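J.: There's a structure below that I have some questions on.
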Amino acid sequence: MPAPHWFDDGADLRPGLPTRFRLGMQGKMKISALAIRPPVRARHVKRTYVSSLDDRPGAPTRELVLLALEAARRALDVDLTPISTRIPMGPRWPDLWPGEHYRLLAALVDLLQPGTVVEVGTFTGLSALALKQHLPAEGRVVTFDLIAWDRIPETVLRAEDFRDGRLVQVLGNLAEPAFFNQQAALLEAATLLFLDGPKDGRFEPELYRRLVELPRRSPAWVVWDDILDLHMLQFWRDIPLPKLDLTSFGHWTGTGLMLWPAKP
Ligand SMILES: C[S@@+](CC[C@H](N)C(=O)[O-])C[C@H]1O[C@@H](n2cnc3c(N)ncnc32)[C@H](O)[C@@H]1O
């Protein structure tokens, strides 16, 4: 096992950037990260808790378990090398499966053939491209962020990715009521959502609260990233809708699949 390891307490180390980039920046670790010695050594360690399932709300339905099984099976054969080879150096994250979630996302799109996919958190564009790979011809991925993709040094996105109109980036904060209302029709149309925003303990509960108030003609599937993050634990546990922890077939920091049912 490698000698140096990172100990990461969650999203408040440096909001707005994903852990592996935040941790690369010196002096951003929380005091608790220095005071608590993790009982496991690895390249990157995150603190989390496990909690009982018999008393949690939102037990998964049979339909949800079947989709999860089928998606995991399909992820086994998904090839994301057209995306991972865009990473100029370092680990090719999309090929790391299980461990990273990119192949699971592509598999879900392959299975569900959604007309509209919504993503929160464009950042490098890796997940946006994974979501686009098996999109039907008439489908689109709309990815939200606060920062334009071409201002992100680590981006793997290229201008031509947006040219066919099947990948669109929208800048704005869906936790803000006016912006959320502006985007309501799009959110109602989405049948797959991948939510990989700030995980700051505020954004995700606020977005969830607003989403479930929207009317829906058909059910949608929502993938929540980083559900094992300390800021996400209670939020994820308390969701009363059918849900399943798919971490072993997704992202090691926690991948949750939730059913957002139709609502007349
Ligand atoms: C973990 S990264 C997303 C990683 C991305 N899915 C990828 O594959 O590279 C989180 C992203 O969420 C963005 N973000 C933070 N707060 C946000 C908000 N309120 N609305 C939309 N995006 C937000 C950050 O700017 C950052 O780019």
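J.: Quick one: net charge around Gly165, please, counting Lys, Arg +1 and Asp, Glu -1 for every other residue with C-beta under 14 Å from its C-beta.
T.: On the way: positive: Lys132, Arg140, Arg163, Arg166; negative: Glu138, Glu160, Asp161, Asp164.
Once positives and negatives cancel, what remains is 0.
J.: Take the Cβ-Cβ distance between Asp164 and Leu214 as r, set R0 to 35 Å, and report the resulting FRET efficiency rounded to the nearest 0.05. The partial results should precede the final answer.
T.: On the way: r = 28 Å, r/R0 = 0.80.
Once the sixth-power term is evaluated, E becomes 0.80.
J.: Under a Cβ-only charge scheme (Lys and Arg +1, Asp and Glu -1), can you give me the dipole magnitude of the chain about the Cα centre, in debye to the nearest 20? Could the numbers behind the result be given before it?
T.: Values: 32 positive and 32 negative charges, 93 e Å.
Dipole of the chain, to the nearest 20 debye: 440 debye.
J.: Cα centroids of segment 57-83 and segment 207-254: how far apart, whole angstrom?
T.: If you average the Cα positions of each part, the centres end up 15 Å apart.
J.: Residue separation times 0.36 nm, minus the C-alpha to C-alpha distance between His44 and Phe179: what's the value?
T.: Working: separation 135, 0.36 × 135 = 48.60 nm, distance 3.56 nm.
Gain in length upon complete extension: 45.0 nm.
J.: If you only keep lysine pairs separated by 8 or more in sequence, or across chains, how many in the chain come under 30 Å at the Cα atoms?
T.: For the chain, qualifying lysine pairs total 13.
J.: Tell me the mean residue ellipticity at 222 nm calculated for the chain from its helices only (DSSP H runs of n ≥ 4, each -39500 (n - 2.57), averaged over every residue, nearest 500). Working shown, then result.
T.: Details: 10 runs with 73 residues, N = 264.
Calculated mean residue ellipticity at 222 nm is -7000 deg cm²/dmol.
All of the numbers you see were taken from the coordinates with simple rules; none came from a lab. Just so we're clear, the structure is a prediction, and the values are computed from it rather than from any experiment. Methodologically, a virtual Cβ is constructed for each residue, glycine included, from the backbone with ideal geometry; neighbour enumeration extends over all protein chains shown.
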